[in-house]
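Below is one structure, written out as structure tokens; comments come after it.
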There are 2 protein chains.
Amino acid sequence: MAAKQSSFDLNHFLASRTESVNRALDKFLPSEKTKPATIHRAMRYSLFAGGKRMRPAVLLAAAEACGGSDAAAMPLACAVECIHTYSLIHDDLPAMDNDDFRRGKPTNHKVFGEGIAVLAGDALLTQAFEIAAQAKGWPRYPHRDLILELARASGSLQLVAGQVADLEGEGKKLSVAELRYIHERKTSALLCCSVRLGGMSANCTPAQLAALTDFGYHVGLAFQVIDDILDVTQTSEQLGKTAGKDVAVQKATYPAIVGLEKSRKIAAQLTAKAFGALDIFKGKAVALEALAEFLLKREK
Amino acid sequence: MAAKQSSFDLNHFLASRTESVNRALDKFLPSEKTKPATIHRAMRYSLFAGGKRMRPAVLLAAAEACGGSDAAAMPLACAVECIHTYSLIHDDLPAMDNDDFRRGKPTNHKVFGEGIAVLAGDALLTQAFEIAAQAKGWPRYPHRDLILELARASGSLQLVAGQVADLEGEGKKLSVAELRYIHERKTSALLCCSVRLGGMSANCTPAQLAALTDFGYHVGLAFQVIDDILDVTQTSEQLGKTAGKDVAVQKATYPAIVGLEKSRKIAAQLTAKAFGALDIFKGKAVALEALAEFLLKREK
């Protein structure tokens, strides 16, 4: 595996895709001057706050693994990033996680006030569907299916369900199964949706879509376990957000339930499963493989 | 006009369509027992709180005026009602209008707490697109266009823009033009979108769509002017929500800016324009005509 990836420049891939995604998002979103200016400034503030564009990256990488083009995948990549950003804005609200900082910057409601922060989240969620509708459909994957895919991953059975369970789990002693329920919904659902949409934008085969689903599910879970680990092992400065917060609010995390060592093992196992899912691409999913390695080795 | 409508039983139309819409919404929404139960109880609490189903009603009436079926229009009717309900839940939040009662019942955040109320709104907004995607598309009005229609009417240039301008206008002296800007976005946009989607579900002609757009725009504006009038002329008991609230928070309203008498005249003029727009249907838009009359004569 290491040999396969040695020729692949992940840094270049991430930098160039981030730039393309940012350019596309800038085009899709109304300008800061568009009336009412407050809402567009608030939407752009969080959307261009230095996010890692991990979901767009896996979406574009999945499209490439299936022989698709960035152009066809781009509206969907922008849509998932809008969904991700909206969920962070609402998650940071005082009534939810009550976070003052995100990516080293004051959170949306700290800058624009709670009312506008709620509305900026609402507007980004709505914008996501407006952008996704502009993607190219295929007879096998018509617009209907693309919208359903995005809505289901973001709705009350997935992304929102994860937030709810997370909110209700605070201060409670959760089992590993309960914690996994939260992670599957809070992180895995949208990551899995991202790789699936990437495949769909490339008119992938049903077998490829199944492999991408398997990959996305496991990478998403690993990603969240690592987030938990980093919260206890890194400083606020390293993370660009308040470290040790999970412990402070007695949030259930993998390290809290099974310990740090076992958490690292679980993350590694999940990533191995993700890699296994990519076998079907016979070496063509280099970007996806490199991304999975990167997600496991990241330090913030 | 009165003679034309004498044979049309609006009460029967509203009762039967409300029942169909409620049945369809009940089918589309996850049950109260579906995990996580809290979010589905919160979504259903506001969705089934006795709303007048005015947007679904005009959507279904528009579909009928164009020779369409309720079955084809129903997913879109449910989608606009989900959007409307989400906007009310978020609008009632302490950070926004800070309302304790809505339709005679405690508001969502009063029952479920602010965090869940934010998420219930998010989930209903997402659900709207999931439901809309399940509507039947036509070559002239494919899914892409239906989703774009819904997203644009609900996004940062329309519905959300209205909320923002409303929020920023509180306590300020607004001109009639500024007030109309708010009304066009806060109420007219989604009402106009509703009648347009009704027509699109019926595969209407471009001329019919233009007439419906004209109708929806004017009925929406009239609807909001009447809302303002009722706030100063009715009691909380009659309205089922806190009356006199606009005056209390010094909100700009038509009665506050131009007086009650002129506000009533404006509402009547807007409705006359709406009626004029229906001429193209040559008497086939009886339900839409009756609805417009009802909206002008309503007392809550």
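Just a few scattered comments:
- Search result, residues across the stretch A:85-97 that are farther than 21 Å from residue B:88 by Cα and either in contact with a Ser or Thr (Cβ under 9 Å, 6 or more places away or on another chain) or aliphatic (A, V, I, L, M) (or both): A:85, A:88, A:92
- Single unsatisfied condition, residue B:169 versus (1) within 8 Å of chain A (Cβ to nearest Cβ); (2) modelled with pLDDT under 95: (1)
- Selection count where residues are at the interface with another protein chain (Cβ under 8 Å from one of its Cβ atoms) and in contact with an Asp or Glu (Cβ under 7 Å, 6 or more places away or on another chain), scope the stretch B:95-108: 1
- Restricting attention to the stretch A:181-227 and to residues that are assigned to a helix (DSSP H, G or I) and of a type in the set (Ser, Thr, Tyr), the residue that is farthest from residue A:56 (Cα to Cα) turns out to be A:181.
- Candidate set from the stretch A:33-50 (those that are facing chain B (nearest Cβ under 7 Å) and not in a loop (DSSP other than H, G, I, E, B)); member that is surrounded by the fewest Cβ atoms within 10 Å (Cβ to Cβ): A:38
- Residue in the stretch A:188-201 that is surrounded by fewer than 22 Cβ atoms within 10 Å (Cβ to Cβ), among the charged types (D, E, K, R), more than 12 Å from the chain's Cα centre (by Cα) and closer than 20 Å to residue A:282 by Cα present: no
- The number of residues in the stretch B:28-67 being at negative phi and under 21 Å from the mean Cα position of the chain (by Cα) comes to 25.
- Taking every residue in the stretch A:74-101 that is within 12 Å of residue A:25 (Cβ to Cβ) and pairing it with any residue that is part of a loop (DSSP other than H, G, I, E, B) and among the aliphatic types (A, V, I, L, M), at least 6 positions away or on another chain, the pairs with Cβ-Cβ distances below 6 Å are A:75/A:135.
The values are calculated or read from the model by the stated rules, or taken from the named source; none is laboratory data. Values in this document were obtained by computation on a predicted structure and should not be read as measured data. Neighbour counts are summed over all protein chains in view; Cβ atoms, including those assigned to glycine, are modelled from backbone coordinates with ideal geometry.
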